[in-house]
Structures are given as structure tokens and as C-alpha cells.
Amino acid sequence: MSGEIRSRLQRLRSTGELHGSSSAKPPQPVLRRAFLFPGEERIEETAAGSCYLRELRFPLHKYHGNTPLGKLLDCRGSALALPAKDQSLTALNPSRSLFLDIETTGLSGGTGTWIFLIGLGWVAQDEFILRQYFLRHPREEKAMLAHFTGLMEKYTDVVTFNGRVFDLPLIATRQILTGLIPTKPERHLDLLPCSRRLWKERLGSCSLRFLEENLLGFQRHDDIPGWEIPSVYFNYLRRGETARLRSVFHHNVLDILSMAALLTRVAETAAEKELEYPADYYSLGKLYSEAGETESAIRCLGRIISCGDRKLEHTALLQLSLIYKRLQRWTEAAALWRKLLERQPHDLTAYIELAKYYEHKTGEYEKAFALTSQALQRTRRRNFAPAAGELSLPALQHRLSRLQRKLKVSQGE
Amino acid sequence: MSRLEKLLAQWKENPRFMANVTRWEVIPAREGSYCDFPPWLNSRLKEALIEHGIHRLYSHQASAVEAVNREENVVVVTPTASGKTLCYNLPVLNTIMAEPETRALYLFPTKALSQDQVAELRELGGGACPNLNAYTYDGDTEPGLRQSIRRAGNIVVTNPDMLHSAILPHHTKWIKLFQNLKFVVIDEMHQYRGVFGSHVANVIRRLKRICRFYGAAPQFILCSATIANPGELARLLIGEPVTAIIENGAPRAEKHFIFYNPPVVNRELGLRRSSLLEVRRMAAELVASNIQTIIFTRSRLGVELLLTYLQGGLKVKPGEDSGIRGYRGGYLPGERRAIEAGLRRGTIKAVVSTNALELGIDIGQLEACIMNGYPGSIASTWQQAGRAGRRSGVSLAVLVANSEPLNQYMVSNPDYFFGRTPERALANPDNLIILTNHVRCAAFELPFDEDELFGEAPVREILDFLEEEQVLYKSEGRYHWMEDAYPAEEISLRSATRENVVIVDITDPQPKVIGEIDRFSAPMLVHEEAIYMHGGRQYQVERLDFAEKKAFVRRVDVNYFTDANLAVDLKVLDIFKEEGGPVRRAWGEVRINALVSMFKKIRFHSHENIGAGPVNLPESEMHTTAFWISFPAASLGGMTPAAVEEGLAGLANLVPQVASLFLMGDPRDLRAVCQVKAPFTGLPTLFLYDNFPGGVGYSSEIYGIYRDIFQAARQVALNCRCSDGCPSCVGPSHQVGAHGKTHALQLLEVILS
């Protein structure tokens, strides 16, 4: 009977009613695992068994791209709290933080995804230490996680790139599956959302690779593509192949070094050190505004209202005007709206904001009416899709009618 | 006398009406049977019930909650409107009030039901249990809410598809739920049969496996409509002993159940007046007398047609509301809520619905129900009829038959319907394809030990197969998932295989997916130029990209349908059971090779053949199970080979339709092939195969009850008034031969003697 199920399964596979795996290579008996990194690797013993790790040490004066690793020591948590939108990070000290990046067998993050490489970086005395735990064999998972957890618990601060969504939940998942208590770091700095808030407008993409090349001045050569990484591990496990595996370790090393350099750049930008691009001032201005630090917001936005980039100037003027409005500094706000109108903007917000000001603050209904009419005219003339909300055609018409009525009333009809 | 009683009296005195009535059954009223609240029920919960007007429990509710209190698994079998939700809400809420960390999982087959349940829970539990967190968790749940539901939701209401693809493969995110899971509630259990049921049983196996990992062993509470085998199906789904509670303590008014057969208008072709028109007439009379009515019809097109007729028939002033609504799955939730509320309040006088309203949504009780066409199973018929019937007074259910063989059989043999228990619901969780796919999913969730059972099935060979396929990695007696894939995404719980052909509507500038068909049926249903019906609308297939599994269709409005010619070759691979005798029967595993080579265009109503065309698609192959019956020469009593061939062809048309009477499935789930000289048996043979890869349990069932099936087939053929065969019995004579009907009857005599 037992052969019967087997032959039925094979029959079903041959007609395509059942599928196996997409990989083509047949498995081979696995040979003894060759040493991957002589001199850098060692075995650690834990209560749950042995695990494998490799350690590299970099001097702090080493440059990664255009940044020396040692700059980490100069970074302040207070600068990081702003782009991270997390006040608790004011207490973060990058020279006492743990950088973390994992390599896995897939991106779904579900319970079938393995972590086979845990990359960690931290500053110790005059060096930047980079440690990589490697899952030589599934049976060593608990030992690997236990040893790693022991290290992670010594740090209150963890730094990742997209770790909130990917790395940390997956680590917790693997811990639960192996019967360990999931750990949660006291403070977590995720460099991805920080980068987006600072540079998305200017750079477009904020993938680590893109930031590396365009911000950190670092080029990779022959880097292993992400999609290939899971199959490299499977080939190692099933066939004992190690050649491409070394590339995965190397890829992970670069990721962590780039994270360290990136953190420095985030801190410097947020601290307004050496900012070359007006767009960065705009991002900062917006962040300050959202954080309620209006004076800093005004200062940053004020720096770029004559920067030469028309579009940026316009947005800065508008943002600034809205901040003044929120602060009820009406004269300053109105001045900015008038300035915007001189520039004949496509965006009609300034017309309406100024109209509202005249209507509700100074009672100059004719001016409000004139502005609203102009806005309506311009809306009708243009052929692109109508705006929503206040700037939509019906809303403008509604405003116009109301002003008309008020005018009539004030003219004593 | 109520308005309904007056109308019924009128109908009774109308000879033209009564000539078409094949049965007028009067089911007497029944008193309710009550019990006091159990003593262990939390007093605040008692107060909440009393505030909602509930002072006692029905006997079946009391039995159910007592059984749950004894820590038994329970299946409650109730028709609609007998308070089944209390059977599970009471014990669950009671436990949450005693132990606030308790968690429960509620499974409903649709999102609409889920939302209703949460609303009801919040109402009932809100006063008694203010810290209760009850939420739906499905595709519509806001992302921001998801995390808090995972962590703190006492009652998580979801559906099997979501459990399968989103919750179980991420079970570590649900650790709080699983560690404290005490109850799993499965409503509408009778829906989990056939392929869907086979899948869901496996999803529950995975659920239980994960519960064990976290140290939980929840109790199961199931609710089902009336089927013949509730205990058996429940046990199949949850893999544990279950207490079945079948009595119904709710009171019931006197019910009149009329079986109505529209009169014949064309003897030769056996055509009857359209059931739709008959339904329209009756419904108009009921509505005119202000009798709140629900009309069930099988297609969305039917809903729209009836609505138009009925609204047109009422002279309504502009601005006034006709009080008649349609109801079907495609409507927005807001619209459906408004209709349900209107029905409860009485502001809506009539609703025309597909079987979407058969499910447990609370619409109060109406006075009358008309069914346009036999709903497909006895169970469904009682459910639909059950929508009419208040606590007192009189209620009416009318079944109007259409011309399909099954309908004709039911309406001509009312004893069968009234005398019989409803059908058995069947499922086959150990269908090898379905089982293997769920073992894959389970291995993604947790590694398998060598000797681990999955449900009750040893799965060692499947694990070894998956290891050979480099999906799993075996080490130290454990099989680990080791592939860059997410298996749950690749499986739909509603189909048997992973490869469906997606149907894309390209009528509008923005193409959209309107449906799916499994790849075995695709050549027959969506070949190029086929007319594909969906949601009551017609589409024509413009292009079929079989390699990419996409069919591109465009809306059309034509007066014909298409029928593809399926050449089926069947090979027996294995016999599981057989019996000799004057005729020989057996069931086992078969391989079907199907080739569609041409199609015909057939005009509606007249069924004229108005065109044909070729189909260029590759042969498809499927493994499944089949039942077959063979006729040794001795049994045929001198019938000529030509006669035998005609007879077999007739049976091949008739029997699958009739078999579905007994199998609680769609007639299309079962297909027939006849071979005048079958390679396997060397004899004239009729094969009936499960139209799903791997089989869903029909073949073995048919093997057991074959006599009933062939008897029913004989009835249909004998009673059919056509002369030589028609679509309502053995098929039109141009298909089965001039004497196809006679010969089919002869063969039936042979089988049954």
C-alpha cells in the first residue's frame, strides 16, 4: 500500500495536477561543509548546542564610500529623533547601538521563512565590529538565535533598514518557533522611513542600493542580486555548494557598513550640517512643522524661498504661509500669499487662502470676491482634471455665491 | 381570516390553478418547547437577554449550551430563524466574562455574515461585557486595526479563506489568540462539502496542529442547516467526536407547501410554460394582497427580470416606492443592510433574491416564499421555504418547477421530497491532491515529524514526495519547509487544483477579472467564441490564452448559447471495490483524457442548432474517481449493439442529473461517459466520474446507493411525456437515436431486476 500513494503522487505530478518545486537541480548527498572564512570564523557553544559565526573588524578611520565609520561617534540622538518622528530616540547613542540586517530564504515573512544569516555591527573601542551568525544546518537554529539574543539583549538601541516591517518581526517569529521568548529592543531606529522623509522628493528611490550610490558615494561590483539569495542557501544546504554563499556574506557586510554610513548622513542632514541641496531644507522644514517646532520650520523654509528652483520655492512659500496661518500671524501669511500670486502659480491655493483672509479677517469682501472669481476663471480655462475639496469647481462657485451675498448685504441692499 | 388564508382559499377554488398543482401539503403548527436559563449563566448576561426580549431558551438552545458546558463539541442542526447564534454566543460570552483572556475564533463562509455577527455580538455582549473586543478580520479590515485585533481581540470573526492564507501562515503574529483559544465556532457547516468542504477540513487540521503547538485545545461549536448526516460531516471537518443536536424547539405556524408544475405547451418537444412567468403571476397576486413575500430564483438575470416584471405590474406613482427589492451578492453592504432592515420592519413588501438570502442573515420572517426552480437539494429547499413562517398565523411556500429533469422529477414525485430526509453532505479531505497541497501549507507553518499524523492520515509518503521535489528539507526525522514560496497563496479553497483559468472582461477600457474556471473545464466552457454566462449576463470569449491561463471575454446579448463537444477517453487505473452479478458494478481510480474539438451554437427555447465551429485546444488529462456499471452479454436479452449504444447514450444524459438528487452537489460535478466496448471490461459500460481531480467522494457513495439512483432515473424517463426523448430526460432524440428513450428504459430494467 505504501508504494501506491507514492506512485499516485508521481502520476499526478506528471499530468501537472500536482506541483513540486520550481528549482531544477537534483539534490546531491551533502558533503562536509568546507570552511568558508578561515581566520574569521568560530564555533560558539550554547545550552542549545553549537552555532557558527564570523567576525570582521574595521578600524574607525576606514571610509565606506565618502564617510569614515568613526563619524558615528559624533552623531547625536537628538538629530535622529526628528526624521524618525520618535522622541524616545533622543537618548539613542549610535556608538552604543547595534546595527542589524538579516538574510532569509524568502520575503513573505511567514512562518516558513528562515533566517540563515544574521548580520550585526557595533562600535567597540577603536573598531567597528561586524559579526555574522550563519545557520549551517536547521538543527542549529535555536543555538544561533539563543547566542544572538544574548548579544542583542546587551543593547538598548537597535538600528535597521526596514526592520520594523521585515527584520524584527521575522526574528520574533523564529524565536517563537524555536521556543525562545521574542525580544523587543527598547529603542529602534529604522533608517528607511527616515531616508524617505529626508530624500524621497529629491532622489525618487530610497532603496539602500540607490542611497549607497547617490548619497554615500559607494559603488558595488558584482553584487549578488537579492532574488538569488534564497536559492544560494538552498544549494548550499542540499548540495553543499559554497561559492556563491561567500557573495551573500559579502553582500550582508556591505549592507551593514552602508547602514552605519547612512545613519551618519541622516544625523548630519537633520542637524543641518553641510546641506548642499535646497530640497533637503524643504524636507527638514516639513518635518519641523509636523513636529510642532515652528521656529525651526520657518527658519529652514525661509532659507529656500529664493533658492532658484521655482517649484521648490513655490512649495516652500506655500508651506510657510500655512505655518504662519496656523500661528495666526496673519500679516506675514498674507504677504506670502500675495507673493505667491505674483508668480502666477498653477496651484490656486494662494488665491483661496488670501480670499479667506480678506473675507474673515479684514472684511474686504470685494478683494475676496475678485480673487475667487480669478480662481474660478483659471479653473474653467484649464483643461486638466478638476481639483478636489476647496479648490473644486462647485466649492469655488459656492464661495463666490456666498461672497456675492455678503457684498450685497454690506452694500446695504 | 388573514389575507393569505383568503388568497389560498381562492387558489384552491381555481380549477386552472389546481390542475397544475401536484401537491398541496399542510404542515401543522407547532408549539415552542422552552427551558429556563441554565443556573451557571452569568447574571449580567441573563439581564442582557431579558433586555432583548428573551426570557427563556428554546429546548435546542438549552441542550446546545449544556453540551458545550460539559466541554463537548457540538453541532446544532436548525432551520433558519430558530436562534442558533445564541447556541454559541452564550457559552462564549459566558466564558469571556469569567476569564477575560479567553479567545474565540468564529468562521463564516462570507464576509456579509461575519459583519452581521459582530454587530449582533456587540449588541448582546456590549451591555453585559463592556470590555468585549469582537472584530471581523478579513480583506476589508483596516491595516491600522489589524495589529490590535491580533493582540487583544477576544472574538475574531473571519472566513476559511482568510484563515488559510493570512492567519495560519503567520501564526506567530497571533500568538495571543492561539495560546488562549478556547472556542472555534463554525457556522453554515453544510456549506463545507464537496471540494470546498474537503479544503476546509484540511484548514482545520492545520489550525488544530498550530493550537497544539501553543498548548491550546479549543472546543468546536458548529451550526448547520438540515442535512442527513450532520454528525458525520462535523466529525469529518473537525476530526473529533461531536454531539449532534437535532431537535428544534422554536414554535412554528401552520405551513402550506404547494408543488406547482407549469402546464405543457409543446408535447413533442416536452416544453412547458416558463416557470418565470408562473412565478411572476403568483408573486403579483401576493404582493397585491400585501402579503410579505420572498422569491428565490437561481440566477441574477432571473432576479433582474422578475424585479422588472413585478415593479412594472404595480402602478406606482413617480416618487413613490414600490416596496419591492432585489437582493444578491453583488450589492453593496449598505444596500443589503437597508433591504434587510426594511424586511424586518415591514416597509419592504417583496424581495427577489438568488440563494444569497438562503444563508442565515436575519431578515425577520416573511409570510410567503416562492421558489423559481428546484434549489438543487432538499436541504436548500427547506431552507428557502423556511424563510416564510411566522410564529403564528399561516405561511406559504410554493415550489414552481422548470423543465430540467431534476425539477420534473421532484415535482412529479412529491412523496419523495416530503418523505425523505435531506441529502448527505459529502466531502473527501483525503483527496490526494487537496491533502498534499495542505500538507505543503502545514509544513510552511510548522515542521513535520516523521510519524506525525495529519488529521487521521499518515502523510509520510507525501512528505517524502515533497522532499524529493525540493520543497522540504529533512533532517533528524523532521521535515522543514525550505523553498522561496508562499504555498497558501497558490491554493484557492474553492477549486481542486492550483491552476485556474482567469476570466477577464475586456468590454470596458479597464479590464477586470469576473471569474475563474478550473483548467479541466476551461476547454469546454471558455473556448474561443464560446458564450459564457456569468451573473446572468452573456459574454463571448474573444481569446483564450491557455498557456497563460487567461480567457478574455466581451459582453454580448445574443439569442443563443454554445455547447462544446467533449470527446472523453477514460482509462481505469485501479479498482477499489467491485461486485459481480447480472450487471457488474465497481468504483475506482480513473484517468480522463478530454478533448474538445468543436462546438455548436444553439438557439434559446427552440434549441435549434444554428451554427458550429472548431476548437483548437490541447487534450487535458485528469485523475479522479469513477463509478461504473457494465452489462454482460447474458443480461442484455438480445438487444442489438446499436440499441445498447443508444440506451447508454440516453443514460449518460439522464443519470448524472438524477444522481445529484442524492449527492447534494451541482449536476455538473458528475459526468458520464459510455463505452460500448470498454477496454477495461470488454463490455458495454456506463461510467460516472467525479468532475474534480482526485475525486470528492461521489463515486464511492454512488456505488453504495446505485439502486436508488437508477430507480429515480427510471421514474423520470417513464413519467416524461415526450415521445422519443427530450432534454428533460434522456436527451433529444437527434442525440440519442430515434428510440433512445426506449432503449435506456430497457437497460434500466436490466439494472434493477
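Residue-by-condition table, conditions (1) buried (at least 18 other Cβ atoms within 10 Å of the Cβ); (2) among the small types (Gly, Ala, Ser); (3) at pLDDT below 95; (4) part of a loop (DSSP other than H, G, I, E, B):
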{"residue": "A:230", "(1), (2), (3), (4)": "yes, no, no, no"}
{"residue": "A:246", "(1), (2), (3), (4)": "no, no, yes, no"}
{"residue": "A:254", "(1), (2), (3), (4)": "yes, no, no, no"}
{"residue": "A:257", "(1), (2), (3), (4)": "yes, no, no, no"}
{"residue": "A:261", "(1), (2), (3), (4)": "yes, yes, no, no"}
{"residue": "A:264", "(1), (2), (3), (4)": "yes, no, no, no"}
{"residue": "A:282", "(1), (2), (3), (4)": "yes, no, yes, no"}
{"residue": "A:313", "(1), (2), (3), (4)": "yes, no, yes, no"}
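Here's a check for you: in the range B:86-115, which residue that is under 23 Å from residue B:334 (Cα atoms) and open to solvent by 20 Å² or more (accessible area, probe 1.4 Å) is farthest from the chain's Cα centre (by Cα)? Filtering the range B:86-115 for residues that are under 23 Å from residue B:334 (Cα atoms) and open to solvent by 20 Å² or more (accessible area, probe 1.4 Å), the one farthest from the chain's Cα centre (by Cα) comes out as B:115.
Checking each residue of the range A:47-66 against the condition of being of a type in the set (S, T, N, Q), more than 14 Å from every other protein chain (Cβ to nearest Cβ) and closer than 30 Å to residue A:237 by Cβ gives at least one match.
Once the range B:461-479 is narrowed to residues that are within 7 Å of chain A (Cβ to nearest Cβ) and over 36 Å from the mean Cα position of the chain (by Cα), the residue that is farthest from residue A:233 (Cα to Cα) is B:476.
Within the range B:578-594, restricting attention to residues that are open to solvent by 50 Å² or more (accessible area, probe 1.4 Å) and part of a strand (DSSP E or B), the residue that is farthest from the other protein chains (Cβ to nearest Cβ) is B:584.
Can you tell me which residue among A:4, A:55 is surrounded by fewer than 16 Cβ atoms within 10 Å (Cβ to Cβ), modelled with pLDDT under 80 and among the acidic types (Asp, Glu)? Of the residues listed, the single one that is surrounded by fewer than 16 Cβ atoms within 10 Å (Cβ to Cβ), modelled with pLDDT under 80 and among the acidic types (Asp, Glu) is A:4. Residues that are of a type in the set (Asp, Glu) and not in a strand (DSSP E or B) within the range B:595-622 comprise B:608, B:619, listed in sequence order. Could you tell me whether the range B:124-131 includes any residue that is at pLDDT 90 or above and either assigned to a loop (DSSP other than H, G, I, E, B) or assigned by TED's automatic domain parsing to the domain that holds residue B:227 (or both)? No, every residue in the range B:124-131 fails to be at pLDDT 90 or above and either assigned to a loop (DSSP other than H, G, I, E, B) or assigned by TED's automatic domain parsing to the domain that holds residue B:227 (or both). Quick one: is residue A:76 open to solvent by 20 Å² or more (accessible area, probe 1.4 Å) and modelled with pLDDT under 95? Yes.
Right, residue B:184: in the same structural domain as residue B:231 (by TED's automatic domain parsing), within 30 Å of residue B:54 (Cα to Cα) and open to solvent by less than 10 Å² (accessible area, probe 1.4 Å) or not? When the stated conditions are applied, residue B:184 passes them. I'd like the residue in the range B:515-546 that is open to solvent by less than 30 Å² (accessible area, probe 1.4 Å) and in a strand (DSSP E or B) and, out of all such residues, is nearest to residue B:301 (Cα to Cα). If we take residues in the range B:515-546 being open to solvent by less than 30 Å² (accessible area, probe 1.4 Å) and in a strand (DSSP E or B), then B:538 is nearest to residue B:301 (Cα to Cα). Selection of the range B:63-77 for residues being open to solvent by 10 Å² or more (accessible area, probe 1.4 Å) and not in a loop (DSSP other than H, G, I, E, B) yields B:63, B:66, B:69. Within the range B:561-577, the presence of at least one residue that is away from every other protein chain (no Cβ under 14 Å), within 30 Å of residue B:704 (Cβ to Cβ), in contact with a Ser or Thr (Cβ under 9 Å, 6 or more places away or on another chain) and loosely packed, with under 14 Cβ neighbours inside 10 Å is confirmed.
Looking at B:655, B:644, B:676, just one residue is closer than 30 Å to residue B:272 by Cβ and in the same structural domain as residue B:582 (by TED's automatic domain parsing), and that residue is B:655.
For the range B:629-655, the candidate set comprises residues that are closer than 27 Å to residue B:376 by Cα and open to solvent by less than 10 Å² (accessible area, probe 1.4 Å); within that set, the residue that is nearest to the other protein chains (Cβ to nearest Cβ) is B:629. Picking from residues in the range B:78-106 that are among the aliphatic types (A, V, I, L, M) and within 19 Å of residue B:246 (Cα to Cα), the one that is modelled with the lowest pLDDT is B:81. Considered as a group, the residues in the range B:132-147 that are of a type in the set (Gly, Ala, Ser) and over 17 Å from residue B:122 (Cα atoms) include one that is least open to solvent (accessible area, probe 1.4 Å), and that residue is B:139. Based on this model, can you work out whether residue B:385 counts as assigned by TED's automatic domain parsing to the domain that holds residue B:259, at pLDDT 80 or above and over 30 Å from residue B:238 (Cβ atoms)? Against the criterion (assigned by TED's automatic domain parsing to the domain that holds residue B:259, at pLDDT 80 or above and over 30 Å from residue B:238 (Cβ atoms)), residue B:385 does not qualify.
If the condition is being surrounded by fewer than 14 Cβ atoms within 10 Å (Cβ to Cβ) and in a helix (DSSP H, G or I), then the range A:368-385 contributes A:377, A:380, A:381.
Could you tell me whether any residue of the range B:710-721 is at pLDDT 85 or above and open to solvent by 20 Å² or more (accessible area, probe 1.4 Å)? Yes: one or more hits.
Considering the conditions (1) within 14 Å of chain A (Cβ to nearest Cβ); (2) more than 23 Å from residue B:690 (Cα to Cα), residue B:609 is excluded by exactly one of them, (1). Does residue A:332 count as part of a helix (DSSP H, G or I), open to solvent by 60 Å² or more (accessible area, probe 1.4 Å) and free of Cβ contacts under 8 Å to residues at least 24 places away in the same chain? Yes; evaluated as a whole, the condition is true for this residue. With respect to being modelled with pLDDT under 90, surrounded by 24 or more Cβ atoms within 10 Å (Cβ to Cβ) and away from every other protein chain (no Cβ under 14 Å), residue B:194 fits the description. Using the structure shown, decide if residue B:661 is surrounded by 21 or more Cβ atoms within 10 Å (Cβ to Cβ), over 21 Å from residue B:520 (Cα atoms) and at pLDDT below 80. The answer is yes for residue B:661.
Screening A:102, A:181, A:129, A:176 for residues that are within 14 Å of another protein chain (Cβ to nearest Cβ) and not in a loop (DSSP other than H, G, I, E, B) leaves exactly one candidate, A:176. Restricting attention to the range B:480-492 and to residues that are outside any strand (DSSP E or B) and of a type in the set (A, V, I, L, M, F, W, C), the residue that is farthest from the other protein chains (Cβ to nearest Cβ) turns out to be B:491. Exactly one residue among A:365, A:351, A:358 is buried (at least 17 other Cβ atoms within 10 Å of the Cβ), more than 21 Å from residue A:323 (Cα to Cα), in contact (Cβ under 8 Å) with a residue 12 or more places away in the chain and not polar (S, T, N, Q), and that residue is A:365.
In the condition set (1) within 8 Å of another protein chain (Cβ to nearest Cβ); (2) part of a loop (DSSP other than H, G, I, E, B), residue B:495 is compliant with all but (1).
The values are calculated or read from the model by the stated rules, or taken from the named source; none is laboratory data. Note that this is a predicted model, so its numbers are computed, not measured. FYI the Cβ positions are ideal-geometry reconstructions off the backbone, even for glycines, and counts take in every protein chain you see. Surface accessibility is based on the protein's heavy atoms, side chains included, excluding ligands, DNA and RNA. Shrake-Rupley method; radii C 1.70, N 1.55, O 1.52, S 1.80 Å.
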